[in-house]
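The values are calculated or read from the model by the stated rules, or taken from the named source; none is laboratory data. All of these numbers come straight from a predicted model, not from anything done at the bench. Backbone-built Cβ (ideal geometry, glycine too); neighbour counts: all protein chains shown.
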Amino acid sequence: MDATVLGAWVATGLTLLIFSFLYKDNPLFKLAEHLYVGVSVGYIIVKTYDTVIVHLVVKPIMDNGEIALLIPVAIGMLMLTRYVPKAAWMSRYAFAFIVGMGAGLAIPRTISSFILKQIEDTVRPLLSIAGPDGLTFSMNLLNPASNLNALIILFGVSSVLFYFFFSIEHSGTGRAVARTGIIFLMISFGAGFGYTVMARMSLLIGRLTDLIEFSDASYGRPTIWLTLLTIGALIVISRRARPEPPQEG
Amino acid sequence: MSFAERMLKIDRRIIFLVIGLCTLLPLLYPVGLPIKISSEVRGVYDHIESLPERSVFLLSIDFDPASKPELYPQAIALLRHAFRKNLRVIAMTLWVSGTGMADQLVTQVAKEMGKEYGKDYAFLGWSPGGQAVIINMGQNLYSAFPSDYSGKPTKDLPILDGVRNLKDVTYMVSLGAGRPGVEEWYVFGKDKYKFEMGGGCTGVMAPGLYPLLRSGQINGLIGGLRGAAEYESLIGQKGKAVAGMDAQSATHVAIIVLVIMCNVFYFSLRRTSQAQGQVG
């Protein structure tokens, strides 16, 4: 059997087994779920071993004599001392290295990219109101760079930040601003949910597209045969799982 | 039990069936609804279009088969565009679980476009470290990837002539399904080494990346299957994403109808129970 055809049968079968969960939880779904986890982990272990141990450590040391690589290898090996209780303290050096390096790299870059740049972008469009030709104000809602949108964003950011400011009581004007913050948050959650629905439907479309493609005669119509087989198996499983009626007398 | 109560307690498998049919029927019988191109997708397209021949285009395929339906069509459309423009395409991944898929993707599109490995494109594979790989590439690309996916030394690849680090990359696109992805490429790559960058992502991630787009931190964003369909329309090679748009629209309509119906039944039930409470 050609590898593509075999792949089509395996992909179709596993897709249908996963979809069988929509009917109810069953052993077929569990089988596909465990296979997915096992294959994913196995693939990652093999790839990581081949790339890291073989190509990035062993080969450069053996072929090019890059002895300096033994330093990161030694730091990495310290992690394994977690399995020896008496030597477990040594793993702290490796963790300290990772945490220190990670924090040192991430903190300045994150502050620069996500806080300073975003604050700048929230305030900068307002400066365009006072241009070289005097005061101007663009009202176009469809243009993200318009002054009206800049004001809406500024107001949204301020009101949401105020909503999360708990040191003063949200009453009077403060309550109105906090409520506005909630409205902005709700709009944001709505947009997020809409995109999530779109993403999940895209995944369904992807699987159904493959199932339609694999219903072709050139693959041996695995979609049709395996759908019938899955339905049959589900019927057998639900009949076996049906509890025996209590005996009278 | 009233009609509203019965509808609110409807078997969820009926809803699954409705959504399944709304997806399946348009895939079997496409209508061809129009696709409007958004400015964020056009941003990526226009930038690639403006690049001169043999510019260095870095594509980071930061997803695995779990996100294939959304990001694979994006990657195919981007690669077709880049190859058509005769750019030097360097592909790589930060996701170990996506390595085999990324290799298959790049090889398939390059073969289709008649491109030669090593001269027109290269696939560097995966290197461990996530954001550390990006920083390493910013300093020395050959230290982050001493060899390509097939094990050839990267220094011997003609496509990398004159490319020492990320500063020599003309344009970069990260197609990300999570972390590391678009944000890491911006924070540890573009912001530090100053190259032009665009992004592609799953639908779930898109709202979180819009602030980067609006502030000009990335110059374009391809969001989900919809973004892929727009890009396919822009390059004039309609593929799986465009084919899925009818189904996407149909399911969205079905979900909107279901949300409205649920709210109507919920409020009618609440009104009835309030009226009964007043009578009682």
Any hit, segment A:36-47, residues being closer than 21 Å to A:Thr223 by Cα, of a type in the set (Gly, Ala, Ser) and either surrounded by 13 or more Cβ atoms within 10 Å (Cβ to Cβ) or at pLDDT 95 or above (or both): no
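Condition check ((1) crowded, with 21+ Cβ neighbours inside 10 Å; (2) within 12 Å of chain A (Cβ to nearest Cβ)) across all residues:
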{"site": "B:Leu71", "(1), (2)": "yes, yes"}
{"site": "B:Ala77", "(1), (2)": "yes, no"}
{"site": "B:Lys85", "(1), (2)": "no, no"}
{"site": "B:Ser97", "(1), (2)": "no, yes"}
{"site": "B:Gln108", "(1), (2)": "no, no"}
{"site": "B:Lys111", "(1), (2)": "no, no"}
Boolean, A:Leu28 is touching a helix residue (DSSP H, G or I) at 6+ places or on another chain (Cβ under 7 Å), surrounded by 11 or more Cβ atoms within 10 Å (Cβ to Cβ), within 30 Å of A:Ile224 (Cα to Cα) and not polar (S, T, N, Q): yes
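Would you check if A:Asp63 is part of a helix (DSSP H, G or I), under 30 Å from B:Pro65 (Cβ atoms), within 11 Å of chain B (Cβ to nearest Cβ) and out of contact with any strand residue (DSSP E or B) (no Cβ under 8 Å at 6 or more places or on another chain)?
For A:Asp63, the condition - part of a helix (DSSP H, G or I), under 30 Å from B:Pro65 (Cβ atoms), within 11 Å of chain B (Cβ to nearest Cβ) and out of contact with any strand residue (DSSP E or B) (no Cβ under 8 Å at 6 or more places or on another chain) - is not met.
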Residue identified as closer than 30 Å to B:Ser38 by Cα, modelled with pLDDT under 90 and among the hydrophobic types (A, V, I, L, M, F, W, C) among A:Leu127, A:Leu116: A:Leu127
Which numbered condition B:Ile235 fails, given (1) more than 7 Å from chain A (Cβ to nearest Cβ); (2) within 24 Å of B:Tyr29 (Cβ to Cβ); (3) in contact (Cβ under 8 Å) with a residue 12 or more places away in the chain: (2)
Hits in segment A:191-229 - residues which are closer than 20 Å to B:Cys201 by Cβ and either more than 10 Å from every other protein chain (Cβ to nearest Cβ) or among the aliphatic types (A, V, I, L, M) (or both): A:Ala191, A:Val197, A:Met198, A:Ala199, A:Met201, A:Leu203, A:Leu204, A:Ile205
Filter result for B:Tyr149 (among the aromatic types (Phe, Trp, Tyr) and closer than 30 Å to B:Arg214 by Cα): no
Within segment B:238-280, tally of residues that are in contact (Cβ under 8 Å) with a residue 40 or more places away in the chain and either exposed (fewer than 12 other Cβ atoms within 10 Å of the Cβ) or outside any helix (DSSP H, G or I) (or both): 2
Pair list, Cβ < 9 Å and 6+ apart or interchain, from segment B:118-138 residues that are farther than 14 Å from A:Gly102 by Cα and within 10 Å of chain A (Cβ to nearest Cβ) to residues that are part of a loop (DSSP other than H, G, I, E, B) and hydrophobic (A, V, I, L, M, F, W, C): B:Gly125/B:Phe145; B:Trp126/B:Leu94; B:Trp126/B:Trp95; B:Ser127/B:Leu94; B:Ser127/B:Phe145
Subset tally (residues that are farther than 22 Å from B:Val133 by Cβ and aliphatic (A, V, I, L, M)) for segment B:88-122: 3
Total residues in segment B:43-72, condition closer than 16 Å to B:Gly198 by Cα and either assigned to a helix (DSSP H, G or I) or touching a His at 6+ places or on another chain (Cβ under 8 Å) (or both): 9
Given (1) away from chain B (no Cβ under 12 Å); (2) within 24 Å of A:Leu14 (Cβ to Cβ); (3) touching a residue at least 24 places away in the same chain (Cβ under 8 Å), index of the condition A:Thr180 fails: (2)
Segment B:177-191 residues that are more than 11 Å from every other protein chain (Cβ to nearest Cβ), paired with ones that are among the charged types (D, E, K, R) and surrounded by 22 or more Cβ atoms within 10 Å (Cβ to Cβ) (beta carbon under 7 Å, 6 or more apart): B:Pro180/B:Asp62; B:Gly181/B:Asp62
Neighbours by Cβ (under 9 Å, 6+ apart or cross-chain): first from segment A:108-121, more than 8 Å from every other protein chain (Cβ to nearest Cβ); second assigned to a helix (DSSP H, G or I): A:Ile119/A:Val157
Of all residues making up segment A:129-140, the number that are in contact with a helix residue (DSSP H, G or I) (Cβ under 8 Å, 6 or more places away or on another chain), more than 14 Å from chain B (Cβ to nearest Cβ) and either polar (S, T, N, Q) or farther than 20 Å from B:Gly216 by Cβ (or both): 4
Whichever residue in segment B:192-207 is small (Gly, Ala, Ser) and at the interface with chain A (Cβ under 8 Å from one of its Cβ atoms) and, among such residues, is farthest from A:Gly156 (Cα to Cα): B:Gly203
